[in-house]
1. Any idea what diffusion coefficient region 418-460 gets from Stokes-Einstein, in µm²/s, Kirkwood Rh on alpha carbon pairs, 4 °C, 1.567 mPa s?
2. Determine the sum of side-chain charges near Tyr83: Lys and Arg each +1, Asp and Glu each -1, restricted to other residues whose C-beta is under 10 angstrom from that of Tyr83.
3. Taking the Cα centre of the chain as origin, sum charge times position over the Cβ atoms of Lys and Arg (+1) and Asp and Glu (-1), and report the length of that vector in debye to the nearest 20.
4. Express in nm, to one decimal, how much length is gained between Lys3 and Val76 on full extension, taking 0.36 nm for each residue of separation and deducting their alpha carbon distance.
5. Considering all alpha-carbon pairs of region 479-616, what whole percent are spaced by more than 20 angstrom?
6. Please state the relative contact order of the chain as a whole percent: Cα pairs under 8 Å, 6+ residues apart?
7. Return the distance in nm (one decimal) between the two label points of a simple spin-label model at Arg231 and Glu106, each offset 7 Å from Cα along Cα→Cβ.
8. For Glu265 and Thr422, calculate 0.36 nm times their separation in residues minus their Cα-Cα distance, and state this gained length in nm to one decimal.
Amino acid sequence: MPKPPVAKKIPKDVTVHGDPRIDNYFWLRERDNPAVLDYLKAENAYTDAVMKHTEKFRDALFREMKGRIKETDLSVPVKIDDYYYYSRTEEGKQYPIYCRKKGSLEGDEQVLLDQNKLAKGYKYFDLGVLEVSPDHRLLAFAVDTTGGEEYKLRIKDLTTGELLPDVVPRVSYSLEWANDNKTIFYTTLDEAKRPYKVFRHVLGTDTGEDQLVYHEDDDQYFLAVSKSKSREYLFLEMESNITTEVRYLRADDPFGEFRIIHPREKGMEYSVAHHGDWFYILTNDQAVNFKLMKAPVVDPSKANWEEVIPHRETVKIDHMEVFKDYLVVFEKENGLKRIRVTRFDSNETHYVDFPEPVYTISVGDNPEFRSKLLRFSYSSLITPRTVYDYDLENRTRELKKQDEVLGGYDPSQYVSERIWATAPDGKKVPMSVVYKRGLEKNGRNPLYLYGYGAYGYTIDPHFSSARFSLIDRGFIFVIAHVRGGGYLGRPWYEDGKLLRKKNTFTDFIACAEYLIAQNYTNPDRLVISGGSAGGLLMGAVTNMRPDLFKAVIARVPFVDVINTMLDESLPLTVTEYDEWGDPHDKTFYEYMRSYSPYDNVAAKAYPNILVTAGLNDPRVQYWEPAKWVAKLRALKTDDNILLLKTNMGAGHSGASGRYDYLKEVAFRYAFVLDVLNIVK
């Protein structure tokens, strides 16, 4: 076994609220320091050396996972006016090709963008936005070639194929066309990579002279622009983690002034859709699980709001789709999603039903306001993603496509179920489970337990063909729907944030203990995994109960909580005070101090751990996992494996190409299988 690298200890005294701390690895934040890059490269070399004996196995895993996907494939076309838009992939190519046909699906194909050609010469390539003008003549798109989530905006003339000279650097994901087909609204980034300004650009004019439409000077708010399905209104949305403000402008009047619907009110969130003389408003105003209101377009101020769907204690409204004749609402009750359909003229309501006990649904592309078809996708832990068009009038559904899983996949050979653990405070914590039919719950099965638990984001029980490289080797795969996520509605989220954040960690530990007690697995066969805020979960539970897990995978983990939340120059810090708390406040500081993974590393035995990072990651800076690993190396008392793998040319999401992504999955799985001695 090669010797691991040793990071220099350069003590830095830190005192906050009278609490003195010594941070020996603060210097790893010095991105331009050659010693920092040398250290990251040394860790990568060590990881390569430790994992070298798995090279052939990793390649076999990659080929196995690639063998399940249909490499040359086509998305379900989306009709917009007289065009059908779709993307397709070709065998051996990393990225999709974006295309359209006019008139019918039998027409001639026009390639809008071939991402493979655009990505040539780059290690990383991502498209942030892809928006066609209302007359379908122009395409606005933005590209990121580092993973740093800074995009360059370009415009393509779809009639000539030429790129226009209009170029805007440092834009964000958000962009919309006005109805004149020549005016674009886009957002730009500040030094902390926060979308903070909205500009208006008219094609053919100097982008340096674009007019500033709005400047958000509150660091807690991010800006975005969107357009109503009716195409009549542009919306300017200002959002923090818990507060929203929306302004509106007729899309036919791009030089008009955005008017406010309701000024920001701390803790109040809302989103807006347009229908005729009304704005429909989904809000949590005195409605923790959200309610649906409507307001007249002539004066949408809050005094004029009328209730459409009241708040319900056990049902959360997640999303709305407003068509000309139908209102469609995506709801969640007891963790299960459903679709509610209401006809505007009669107020008649019905629900779309689903067959499995564990499943998820998501809204598809529904750009046509006058359509009577709702597109959505359905999947479960054993059912591949399936796209349906649901006839809102006739209440029938048409299967448009189910993702093919090659290599003889048979869903009848697998079992999915939902089980519940009991948290220390008595709350029941749901888990979604999948395993191969015939598996015996004898306490000896390898088990892969995944968790996230932050921002109210739900980790849905969706299908992943790559996952079966574990399941077919005897693994039980489990998602722990812990507090801090939104699986059981908004209260489930509220009960796992700020000064209740540790519920996320104790929920996860309770899930692991339940799985062991019920003979699904045992601590020597239990692997846990999470990324980003889920990486915080991994770090916290590993400090709290290192005896409970055989191996830990922490991807781009948010582990240096206090230092990051004290640094307002970093992306996301200020806006995330509403999620984690502000450590400038002593109460929040002391609470964070009690669970922050980096601050709670101690001299004791830890499980086998694989940590990943992205050098260009703007969400979780590379130094958080690097510092955590350095401190673990210095203090841990065991001989278990500890690896840090930093992608030196990517950001938060890792590799951008589909094959490179699968190679990263194969690497993680090879680590797990090697630790458990299941290399076959």
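1. It diffuses with D of about 101 µm²/s by this estimate.
2. Numbers: positive: Lys79, Arg100, Lys101, Lys102; negative: Asp81, Asp82.
Result for the local shell: +2.
3. It works out to roughly 2560 debye.
4. Going from the current span to full extension adds 21.2 nm.
5. Cα-Cα pairs in region 479-616 separated by more than 20 Å: 46 percent.
6. Computed value for the chain: 10 percent relative contact order.
7. 2.6 nm
8. Going from the current span to full extension adds 52.9 nm.
Any read-out appearing in this document is the output of simple, stated calculations on the displayed coordinates, not a laboratory observation. None of the values given here were measured: they were computed from a predicted structure. Every residue, glycine as well, gets a Cβ built from its backbone with ideal geometry; the counts of neighbours run over all protein chains shown.
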